[in-house]
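What follows is a set of notes on a single structure, which appears directly below.
The values are calculated or read from the model by the stated rules, or taken from the named source; none is laboratory data. This structure is a prediction, so every number in the text was calculated from the model and none was measured. A quick note on method: Cβ atoms are made from the backbone with ideal geometry, for glycine too, and the neighbour counts reach across all protein chains shown.
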Amino acid sequence: MNYLVLIIALVFLFSIQTTFLRIIFPGNVVPDLILIVAVYSGIHLKKNRGVWLAALVGFFQDCLSGSLLGVNFLSKGLVGLFFCVIKDKIIVQGIIPIGFFMFATSLVDGMIYFMTMTSLLEGQIKVNYLFSSIILFGVCNAVIAPFLFYMFDKARQWLHRQFPTQVFESI
Amino acid sequence: MPYRRPQSKYFISILAGILMFSLVLMTVNARYDKVNLFFESIVVWFVSPVQSLFTTATNSITDVFDHYFFLVRTSSENDRLLLELDRLSKKNNELLERNKLLERSANLTEFIGEDERPFVVAKVIGYDATQWSKVIFINRGTDHKVEKNLSVVTDAGVVGHVIHASLKSSKVLLITDSRSAVDSLFQETRKSGITVGIGEDICEMKFVPISAQVSVGDKVVSSGLGGVFPKGLMVGTVVDIVKQDHELFQDIRVATSVDLSNVEEVVVLLSGKEGG
(Lines give C-alpha, C1' and ligand atoms only; values in the text may rest on other atoms or scores of the structure.)
Protein backbone atom coordinates (compact mmCIF):
# COMPACT_ATOMS: atom_id res chain seq x y z
CA MET A 1 0.00 0.00 0.00
CA ASN A 2 2.77 2.41 0.94
CA TYR A 3 4.43 1.90 -2.46
CA LEU A 4 1.13 2.52 -4.22
CA VAL A 5 0.74 5.82 -2.35
CA LEU A 6 4.31 6.70 -3.26
CA ILE A 7 3.72 5.96 -6.96
CA ILE A 8 0.50 8.01 -7.02
CA ALA A 9 2.27 10.88 -5.26
CA LEU A 10 5.13 10.77 -7.79
CA VAL A 11 2.77 10.70 -10.78
CA PHE A 12 0.90 13.65 -9.26
CA LEU A 13 4.16 15.51 -8.62
CA PHE A 14 5.52 14.94 -12.13
CA SER A 15 2.21 16.00 -13.65
CA ILE A 16 2.34 19.28 -11.71
CA GLN A 17 5.96 19.79 -12.75
CA THR A 18 5.25 19.26 -16.44
CA THR A 19 1.94 21.12 -16.72
CA PHE A 20 0.76 23.39 -13.95
CA LEU A 21 4.08 25.03 -13.07
CA ARG A 22 4.52 26.38 -16.60
CA ILE A 23 1.29 28.32 -16.22
CA ILE A 24 2.35 29.82 -12.89
CA PHE A 25 5.95 30.45 -14.02
CA PRO A 26 5.68 31.35 -17.71
CA GLY A 27 9.26 32.63 -17.99
CA ASN A 28 12.47 30.71 -18.42
CA VAL A 29 12.84 29.90 -14.73
CA VAL A 30 10.66 27.15 -13.30
CA PRO A 31 11.22 25.64 -9.84
CA ASP A 32 12.31 22.01 -9.79
CA LEU A 33 9.93 20.12 -7.50
CA ILE A 34 11.89 16.94 -8.14
CA LEU A 35 15.08 18.49 -6.80
CA ILE A 36 13.19 19.67 -3.72
CA VAL A 37 11.85 16.12 -3.23
CA ALA A 38 15.38 14.74 -3.60
CA VAL A 39 16.71 17.08 -0.91
CA TYR A 40 13.71 16.42 1.33
CA SER A 41 14.01 12.65 1.06
CA GLY A 42 17.77 12.82 1.67
CA ILE A 43 17.17 14.75 4.90
CA HIS A 44 13.97 13.21 6.22
CA LEU A 45 13.77 9.58 5.22
CA LYS A 46 15.08 7.04 7.66
CA LYS A 47 18.45 5.30 7.14
CA ASN A 48 19.50 5.47 3.50
CA ARG A 49 16.11 5.33 1.86
CA GLY A 50 16.48 8.97 0.89
CA VAL A 51 19.33 8.15 -1.52
CA TRP A 52 17.28 5.58 -3.36
CA LEU A 53 14.16 7.73 -3.55
CA ALA A 54 16.20 10.72 -4.77
CA ALA A 55 17.89 8.59 -7.44
CA LEU A 56 14.54 7.08 -8.46
CA VAL A 57 12.82 10.46 -8.91
CA GLY A 58 15.90 11.61 -10.84
CA PHE A 59 15.54 8.64 -13.14
CA PHE A 60 11.84 9.35 -13.70
CA GLN A 61 12.72 12.96 -14.42
CA ASP A 62 15.18 11.74 -17.05
CA CYS A 63 12.38 9.78 -18.70
CA LEU A 64 10.13 12.85 -18.74
CA SER A 65 12.63 15.31 -20.09
CA GLY A 66 14.57 15.80 -23.28
CA SER A 67 17.95 15.64 -21.61
CA LEU A 68 20.39 12.77 -21.73
CA LEU A 69 19.15 9.75 -19.78
CA GLY A 70 21.10 9.44 -16.53
CA VAL A 71 21.85 13.14 -15.96
CA ASN A 72 19.10 13.72 -13.42
CA PHE A 73 19.66 10.27 -11.91
CA LEU A 74 23.24 11.33 -11.26
CA SER A 75 22.49 14.81 -9.90
CA LYS A 76 19.52 13.81 -7.75
CA GLY A 77 21.27 10.65 -6.54
CA LEU A 78 24.30 12.69 -5.48
CA VAL A 79 22.07 15.25 -3.76
CA GLY A 80 20.22 12.49 -1.89
CA LEU A 81 23.47 10.84 -0.88
CA PHE A 82 25.00 14.13 0.27
CA PHE A 83 22.08 14.94 2.55
CA CYS A 84 21.90 11.39 3.84
CA VAL A 85 25.54 11.67 4.91
CA ILE A 86 25.42 15.16 6.44
CA LYS A 87 21.95 15.23 7.99
CA ASP A 88 23.27 14.01 11.37
CA LYS A 89 26.31 16.26 11.36
CA ILE A 90 25.00 19.76 10.64
CA ILE A 91 21.76 21.70 10.92
CA VAL A 92 19.56 21.01 7.93
CA GLN A 93 16.24 22.10 9.44
CA GLY A 94 14.70 25.57 9.44
CA ILE A 95 13.94 28.10 6.74
CA ILE A 96 17.45 29.55 6.34
CA PRO A 97 19.38 26.22 6.16
CA ILE A 98 16.76 24.79 3.79
CA GLY A 99 16.93 27.87 1.58
CA PHE A 100 20.72 27.84 1.60
CA PHE A 101 21.04 24.14 0.81
CA MET A 102 18.39 24.34 -1.89
CA PHE A 103 20.26 27.20 -3.54
CA ALA A 104 23.56 25.28 -3.39
CA THR A 105 22.07 22.03 -4.71
CA SER A 106 20.30 23.93 -7.51
CA LEU A 107 23.68 25.28 -8.61
CA VAL A 108 25.15 21.76 -8.57
CA ASP A 109 22.15 20.33 -10.42
CA GLY A 110 22.33 23.03 -13.10
CA MET A 111 26.08 22.68 -13.51
CA ILE A 112 25.87 18.87 -13.90
CA TYR A 113 23.22 19.33 -16.58
CA PHE A 114 25.16 21.95 -18.52
CA MET A 115 28.44 20.04 -18.24
CA THR A 116 26.90 16.89 -19.70
CA MET A 117 25.06 18.86 -22.38
CA THR A 118 28.13 20.73 -23.56
CA SER A 119 30.58 17.85 -23.23
CA LEU A 120 28.59 14.78 -24.30
CA LEU A 121 25.96 16.26 -26.60
CA GLU A 122 27.90 19.33 -27.77
CA GLY A 123 24.96 21.65 -27.11
CA GLN A 124 25.45 25.38 -27.74
CA ILE A 125 24.88 27.31 -24.53
CA LYS A 126 25.90 30.92 -23.84
CA VAL A 127 27.94 31.28 -20.64
CA ASN A 128 26.20 34.47 -19.45
CA TYR A 129 22.79 32.89 -20.01
CA LEU A 130 23.96 29.78 -18.20
CA PHE A 131 25.03 31.63 -15.04
CA SER A 132 22.07 33.99 -14.88
CA SER A 133 19.56 31.17 -15.37
CA ILE A 134 21.24 28.87 -12.83
CA ILE A 135 21.31 31.59 -10.18
CA LEU A 136 17.67 32.50 -10.80
CA PHE A 137 16.82 28.80 -10.71
CA GLY A 138 18.59 28.48 -7.35
CA VAL A 139 16.82 31.50 -5.87
CA CYS A 140 13.47 30.25 -7.12
CA ASN A 141 13.99 26.81 -5.53
CA ALA A 142 15.33 28.32 -2.31
CA VAL A 143 12.23 30.48 -1.91
CA ILE A 144 9.75 27.70 -2.63
CA ALA A 145 11.49 24.85 -0.78
CA PRO A 146 10.65 25.83 2.85
CA PHE A 147 6.95 26.01 2.02
CA LEU A 148 7.08 22.65 0.22
CA PHE A 149 9.06 21.08 3.06
CA TYR A 150 6.27 22.14 5.40
CA MET A 151 3.66 20.64 3.07
CA PHE A 152 5.65 17.40 2.70
CA ASP A 153 5.99 17.16 6.49
CA LYS A 154 2.24 17.48 6.91
CA ALA A 155 1.58 14.97 4.11
CA ARG A 156 4.09 12.51 5.57
CA GLN A 157 2.57 12.79 9.03
CA TRP A 158 -0.88 12.17 7.60
CA LEU A 159 0.37 9.21 5.57
CA HIS A 160 2.12 7.79 8.60
CA ARG A 161 -1.12 7.92 10.55
CA GLN A 162 -3.02 6.29 7.69
CA PHE A 163 -0.36 3.69 6.82
CA PRO A 164 1.93 3.21 9.80
CA THR A 165 4.88 1.75 7.94
CA GLN A 166 8.60 2.43 7.98
CA VAL A 167 8.78 4.25 4.65
CA PHE A 168 7.14 7.48 5.83
CA GLU A 169 8.68 7.39 9.28
CA SER A 170 10.72 10.34 10.40
CA ILE A 171 14.47 10.20 11.09
CA MET B 1 44.77 4.35 14.10
CA PRO B 2 41.57 6.19 13.19
CA TYR B 3 38.39 4.19 13.42
CA ARG B 4 36.43 4.12 10.19
CA ARG B 5 32.76 3.33 10.44
CA PRO B 6 31.31 0.66 8.19
CA GLN B 7 28.69 3.27 7.23
CA SER B 8 31.35 5.21 5.28
CA LYS B 9 32.13 2.18 3.14
CA TYR B 10 28.44 1.78 2.51
CA PHE B 11 28.10 5.40 1.35
CA ILE B 12 31.15 5.07 -0.87
CA SER B 13 29.68 1.97 -2.49
CA ILE B 14 26.38 3.85 -3.05
CA LEU B 15 28.30 6.74 -4.61
CA ALA B 16 30.14 4.33 -6.89
CA GLY B 17 26.83 2.68 -7.79
CA ILE B 18 25.20 6.01 -8.68
CA LEU B 19 28.17 7.05 -10.80
CA MET B 20 28.33 3.70 -12.59
CA PHE B 21 24.63 3.46 -13.30
CA SER B 22 24.34 7.05 -14.56
CA LEU B 23 27.41 6.54 -16.75
CA VAL B 24 25.88 3.38 -18.23
CA LEU B 25 22.57 5.19 -18.85
CA MET B 26 24.26 8.16 -20.51
CA THR B 27 26.47 5.93 -22.64
CA VAL B 28 23.56 3.76 -23.77
CA ASN B 29 21.47 6.85 -24.48
CA ALA B 30 24.21 8.63 -26.40
CA ARG B 31 25.38 5.53 -28.25
CA TYR B 32 21.99 4.06 -29.15
CA ASP B 33 20.14 7.33 -29.61
CA LYS B 34 17.87 5.91 -32.29
CA VAL B 35 16.44 3.26 -29.99
CA ASN B 36 13.37 4.06 -27.88
CA LEU B 37 14.22 2.85 -24.40
CA PHE B 38 11.56 0.65 -22.85
CA PHE B 39 11.40 2.20 -19.38
CA GLU B 40 11.19 5.69 -20.87
CA SER B 41 8.00 4.66 -22.67
CA ILE B 42 6.62 3.08 -19.50
CA VAL B 43 7.12 6.25 -17.43
CA VAL B 44 5.61 8.43 -20.17
CA TRP B 45 2.69 5.98 -20.47
CA PHE B 46 2.03 6.27 -16.74
CA VAL B 47 2.25 10.03 -16.54
CA SER B 48 0.70 11.21 -19.84
CA PRO B 49 -2.99 10.56 -18.92
CA VAL B 50 -2.57 12.58 -15.72
CA GLN B 51 -0.69 15.27 -17.67
CA SER B 52 -3.57 15.39 -20.11
CA LEU B 53 -6.06 15.71 -17.26
CA PHE B 54 -4.04 18.48 -15.62
CA THR B 55 -3.67 20.37 -18.90
CA THR B 56 -7.38 20.17 -19.62
CA ALA B 57 -8.25 21.34 -16.10
CA THR B 58 -5.68 24.13 -16.20
CA ASN B 59 -6.82 25.27 -19.65
CA SER B 60 -10.44 25.31 -18.49
CA ILE B 61 -9.59 27.42 -15.47
CA THR B 62 -7.41 29.85 -17.42
CA ASP B 63 -10.07 30.00 -20.12
CA VAL B 64 -12.69 31.01 -17.56
CA PHE B 65 -10.40 33.73 -16.22
CA ASP B 66 -9.38 34.95 -19.67
CA HIS B 67 -12.79 35.02 -21.26
CA TYR B 68 -15.23 35.72 -18.46
CA PHE B 69 -13.58 37.40 -15.55
CA PHE B 70 -11.01 39.57 -17.26
CA LEU B 71 -12.36 40.49 -20.66
CA VAL B 72 -15.74 39.20 -21.62
CA ARG B 73 -15.59 39.70 -25.37
CA THR B 74 -12.33 41.38 -26.26
CA SER B 75 -10.20 38.34 -25.51
CA SER B 76 -12.33 35.98 -27.61
CA GLU B 77 -12.34 38.46 -30.47
CA ASN B 78 -8.59 38.88 -30.16
CA ASP B 79 -8.07 35.10 -30.24
CA ARG B 80 -10.19 34.87 -33.39
CA LEU B 81 -8.30 37.71 -35.07
CA LEU B 82 -4.94 36.20 -34.11
CA LEU B 83 -5.99 32.90 -35.66
CA GLU B 84 -7.09 34.76 -38.77
CA LEU B 85 -3.78 36.61 -38.83
CA ASP B 86 -1.89 33.33 -38.51
CA ARG B 87 -3.91 31.86 -41.34
CA LEU B 88 -3.29 34.88 -43.58
CA SER B 89 0.42 34.95 -42.70
CA LYS B 90 0.66 31.31 -43.62
CA LYS B 91 -1.17 31.98 -46.87
CA ASN B 92 1.08 34.93 -47.61
CA ASN B 93 4.14 32.87 -46.84
CA GLU B 94 2.94 30.08 -49.10
CA LEU B 95 2.36 32.53 -51.95
CA LEU B 96 5.77 34.11 -51.51
CA GLU B 97 7.42 30.71 -51.49
CA ARG B 98 5.46 29.63 -54.55
CA ASN B 99 6.41 32.78 -56.41
CA LYS B 100 10.11 32.38 -55.62
CA LEU B 101 10.11 28.78 -56.66
CA LEU B 102 8.30 29.57 -59.92
CA GLU B 103 10.90 32.15 -60.74
CA ARG B 104 13.72 29.67 -60.28
CA SER B 105 12.52 26.43 -61.66
CA ALA B 106 9.88 24.86 -63.85
CA ASN B 107 9.88 21.79 -61.62
CA LEU B 108 8.17 23.71 -58.87
CA THR B 109 4.69 22.20 -59.23
CA GLU B 110 6.10 18.71 -59.12
CA PHE B 111 8.05 19.52 -55.96
CA ILE B 112 4.98 20.92 -54.17
CA GLY B 113 3.00 17.88 -55.22
CA GLU B 114 5.65 15.66 -53.70
CA ASP B 115 5.71 17.70 -50.53
CA GLU B 116 2.03 17.23 -49.70
CA ARG B 117 2.23 14.94 -46.72
CA PRO B 118 -0.37 13.39 -44.45
CA PHE B 119 -0.52 14.92 -41.01
CA VAL B 120 -2.03 14.46 -37.58
CA VAL B 121 -3.19 17.21 -35.23
CA ALA B 122 -1.97 16.86 -31.65
CA LYS B 123 -2.58 18.66 -28.40
CA VAL B 124 0.26 19.80 -26.15
CA ILE B 125 -0.20 17.99 -22.83
CA GLY B 126 2.98 18.85 -20.97
CA TYR B 127 6.41 20.40 -20.85
CA ASP B 128 9.86 19.16 -19.93
CA ALA B 129 10.29 17.94 -16.35
CA THR B 130 13.39 20.12 -16.02
CA GLN B 131 13.66 23.76 -16.94
CA TRP B 132 16.82 23.21 -18.97
CA SER B 133 15.64 21.21 -21.98
CA LYS B 134 13.11 22.66 -24.40
CA VAL B 135 10.74 19.74 -24.87
CA ILE B 136 6.95 19.42 -25.08
CA PHE B 137 4.73 16.35 -24.82
CA ILE B 138 1.93 15.81 -27.32
CA ASN B 139 -1.04 13.44 -27.06
CA ARG B 140 -0.30 11.48 -30.23
CA GLY B 141 2.05 8.52 -30.45
CA THR B 142 2.80 5.43 -32.48
CA ASP B 143 -0.95 4.63 -32.41
CA HIS B 144 -1.37 7.60 -34.76
CA LYS B 145 1.70 6.75 -36.87
CA VAL B 146 3.85 9.33 -35.08
CA GLU B 147 7.46 8.25 -35.07
CA LYS B 148 10.89 9.61 -34.31
CA ASN B 149 12.28 12.49 -36.42
CA LEU B 150 8.94 13.64 -37.81
CA SER B 151 8.58 17.40 -38.07
CA VAL B 152 6.11 19.26 -35.85
CA VAL B 153 4.67 22.56 -37.04
CA THR B 154 1.82 25.03 -36.55
CA ASP B 155 0.20 27.53 -38.90
CA ALA B 156 2.88 30.01 -37.92
CA GLY B 157 5.87 27.77 -38.67
CA VAL B 158 8.29 25.19 -37.32
CA VAL B 159 7.92 23.97 -33.72
CA GLY B 160 10.42 21.11 -33.55
CA HIS B 161 10.76 17.40 -34.23
CA VAL B 162 9.76 14.19 -32.49
CA ILE B 163 12.56 12.64 -30.42
CA HIS B 164 10.61 9.86 -28.75
CA ALA B 165 7.26 8.30 -29.58
CA SER B 166 5.33 6.16 -27.10
CA LEU B 167 2.02 4.45 -27.78
CA LYS B 168 -0.21 7.43 -27.06
CA SER B 169 2.16 10.35 -26.56
CA SER B 170 5.41 11.72 -27.93
CA LYS B 171 8.25 14.00 -26.93
CA VAL B 172 9.00 16.92 -29.24
CA LEU B 173 12.36 18.70 -29.13
CA LEU B 174 11.70 22.41 -29.77
CA ILE B 175 13.88 24.36 -32.19
CA THR B 176 15.04 26.54 -29.28
CA ASP B 177 16.72 23.57 -27.53
CA SER B 178 20.49 23.70 -27.65
CA ARG B 179 20.62 20.34 -29.50
CA SER B 180 18.28 21.44 -32.28
CA ALA B 181 19.50 22.48 -35.73
CA VAL B 182 17.36 23.36 -38.75
CA ASP B 183 18.94 23.83 -42.17
CA SER B 184 17.48 27.18 -43.24
CA LEU B 185 17.65 29.96 -45.77
CA PHE B 186 16.59 33.58 -46.00
CA GLN B 187 13.33 33.92 -47.87
CA GLU B 188 14.46 36.91 -49.95
CA THR B 189 18.14 36.39 -50.65
CA ARG B 190 18.07 32.54 -50.54
CA LYS B 191 21.35 32.55 -48.60
CA SER B 192 21.57 29.46 -46.45
CA GLY B 193 22.61 28.80 -42.87
CA ILE B 194 21.74 26.61 -39.92
CA THR B 195 19.27 27.79 -37.29
CA VAL B 196 20.35 26.38 -33.95
CA GLY B 197 18.74 26.58 -30.53
CA ILE B 198 20.75 28.09 -27.69
CA GLY B 199 18.49 27.11 -24.80
CA GLU B 200 16.82 30.53 -24.70
CA ASP B 201 13.55 31.65 -26.29
CA ILE B 202 15.47 32.73 -29.35
CA CYS B 203 17.61 30.91 -31.96
CA GLU B 204 20.85 31.72 -33.72
CA MET B 205 21.58 31.33 -37.39
CA LYS B 206 25.05 29.93 -37.94
CA PHE B 207 27.36 29.73 -40.95
CA VAL B 208 25.98 32.77 -42.79
CA PRO B 209 28.99 34.31 -44.60
CA ILE B 210 30.07 37.79 -43.55
CA SER B 211 29.50 38.99 -47.12
CA ALA B 212 25.81 37.92 -47.22
CA GLN B 213 23.29 40.76 -47.22
CA VAL B 214 21.06 40.26 -44.19
CA SER B 215 18.89 42.82 -42.44
CA VAL B 216 16.69 42.87 -39.35
CA GLY B 217 13.20 41.67 -40.23
CA ASP B 218 14.32 39.18 -42.88
CA LYS B 219 12.28 35.98 -42.85
CA VAL B 220 14.00 32.64 -42.35
CA VAL B 221 12.46 29.46 -43.80
CA SER B 222 13.48 25.80 -43.72
CA SER B 223 15.58 24.68 -46.66
CA GLY B 224 14.33 21.10 -46.79
CA LEU B 225 17.86 19.73 -46.36
CA GLY B 226 18.50 17.42 -43.43
CA GLY B 227 15.49 15.23 -44.06
CA VAL B 228 13.37 16.34 -41.10
CA PHE B 229 11.64 19.60 -42.08
CA PRO B 230 10.00 20.12 -45.47
CA LYS B 231 11.15 23.08 -47.52
CA GLY B 232 9.57 26.51 -47.11
CA LEU B 233 8.27 26.33 -43.53
CA MET B 234 8.63 29.56 -41.57
CA VAL B 235 11.35 29.31 -38.94
CA GLY B 236 11.52 32.89 -37.72
CA THR B 237 12.54 36.49 -38.26
CA VAL B 238 15.96 38.10 -37.91
CA VAL B 239 16.02 40.35 -34.85
CA ASP B 240 19.73 41.08 -34.39
CA ILE B 241 22.88 40.93 -36.51
CA VAL B 242 26.49 41.29 -35.38
CA LYS B 243 29.22 41.52 -38.02
CA GLN B 244 32.86 41.43 -37.02
CA ASP B 245 35.51 42.00 -39.69
CA HIS B 246 37.86 39.29 -38.48
CA GLU B 247 35.12 36.64 -38.44
CA LEU B 248 34.10 34.42 -41.34
CA PHE B 249 30.44 34.30 -40.35
CA GLN B 250 27.83 36.71 -39.00
CA ASP B 251 26.15 36.34 -35.61
CA ILE B 252 22.44 36.39 -36.39
CA ARG B 253 19.68 36.04 -33.82
CA VAL B 254 16.34 34.76 -35.02
CA ALA B 255 13.03 35.10 -33.17
CA THR B 256 10.93 32.00 -33.75
CA SER B 257 7.76 32.49 -35.76
CA VAL B 258 5.84 30.33 -33.28
CA ASP B 259 5.38 31.46 -29.68
CA LEU B 260 6.84 28.26 -28.24
CA SER B 261 6.03 29.17 -24.64
CA ASN B 262 2.33 29.19 -25.43
CA VAL B 263 1.66 26.55 -28.05
CA GLU B 264 -1.51 24.49 -27.53
CA GLU B 265 -2.05 22.49 -30.70
CA VAL B 266 0.47 21.33 -33.25
CA VAL B 267 0.53 19.42 -36.53
CA VAL B 268 2.82 16.41 -36.93
CA LEU B 269 3.77 15.86 -40.57
CA LEU B 270 3.73 12.10 -41.10
CA SER B 271 6.18 10.30 -43.29
CA GLY B 272 3.84 7.94 -45.17
CA LYS B 273 1.15 8.78 -47.69
CA GLU B 274 -1.62 7.38 -45.53
CA GLY B 275 -3.02 8.98 -42.35
CA GLY B 276 -4.55 12.44 -41.82
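Before moving on, here are some points about what is shown:
- Residue count for segment B:163-172, restricted to those that are surrounded by 23 or more Cβ atoms within 10 Å (Cβ to Cβ) and within 23 Å of B:A30 (Cβ to Cβ): 4
- Of residues in segment A:60-87 being under 19 Å from A:G99 (Cβ atoms) and of a type in the set (A, V, I, L, M), the one surrounded by the fewest Cβ atoms within 10 Å (Cβ to Cβ): A:I86
- The set of residues in segment A:25-45 being under 10 Å from A:I144 (Cβ atoms) and more than 12 Å from chain B (Cβ to nearest Cβ) consists of A:I36 alone.
- Annotation: B:E200 fulfils all but one of (1) at pLDDT 85 or above; (2) over 25 Å from B:N93 (Cα atoms); the unmet one is (1).
Yes or no, residue by residue, for (1) touching a Cys at 6+ places or on another chain (Cβ under 9 Å); (2) over 17 Å from B:V135 (Cβ atoms); (3) modelled with pLDDT of 90 or more:
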site: A:G58; (1), (2), (3): no, no, yes
site: A:C84; (1), (2), (3): no, yes, no
site: A:D88; (1), (2), (3): no, yes, no
site: A:Q93; (1), (2), (3): no, yes, no
site: A:I96; (1), (2), (3): no, yes, no
site: A:A104; (1), (2), (3): no, yes, yes
site: A:I112; (1), (2), (3): no, yes, no
site: A:M117; (1), (2), (3): no, no, no
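- Single residue of B:V124, B:V153, B:V172 found to be in the same structural domain as B:R98 (by TED's automatic domain parsing) and modelled with pLDDT of 90 or more: B:V172
- Single unsatisfied condition, A:S132 versus (1) modelled with pLDDT of 90 or more; (2) surrounded by fewer than 21 Cβ atoms within 10 Å (Cβ to Cβ); (3) among the polar types (S, T, N, Q): (1)
- Taking the criterion of being of a type in the set (F, W, Y) and surrounded by 15 or more Cβ atoms within 10 Å (Cβ to Cβ), the residues of segment A:1-59 that qualify are A:F14, A:F20, A:Y40, A:W52, A:F59.
- Residues of segment B:129-188 satisfying the condition of being charged (D, E, K, R) and in a strand (DSSP E or B): B:K171, B:D183
- Residue in segment A:17-26 that is modelled with pLDDT under 85 and not in a helix (DSSP H, G or I) present: yes
- Once segment B:217-232 is narrowed to residues that are part of a loop (DSSP other than H, G, I, E, B) and charged (D, E, K, R), the residue that is nearest to B:T154 (Cα to Cα) is B:K231.
- Count of segment A:8-24 residues which are out of contact with any Leu (no Cβ under 7 Å at 6 or more places or on another chain) and either within 10 Å of chain B (Cβ to nearest Cβ) or of a type in the set (D, E) (or both): 11
Rundown of residues vs (1) at pLDDT 80 or above; (2) more than 12 Å from chain A (Cβ to nearest Cβ), yes/no style:
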position: B:N59; (1), (2): no, no
position: B:T62; (1), (2): no, no
position: B:Y68; (1), (2): no, yes
position: B:R73; (1), (2): no, yes
position: B:L82; (1), (2): yes, yes
position: B:R87; (1), (2): yes, yes
position: B:L95; (1), (2): yes, yes
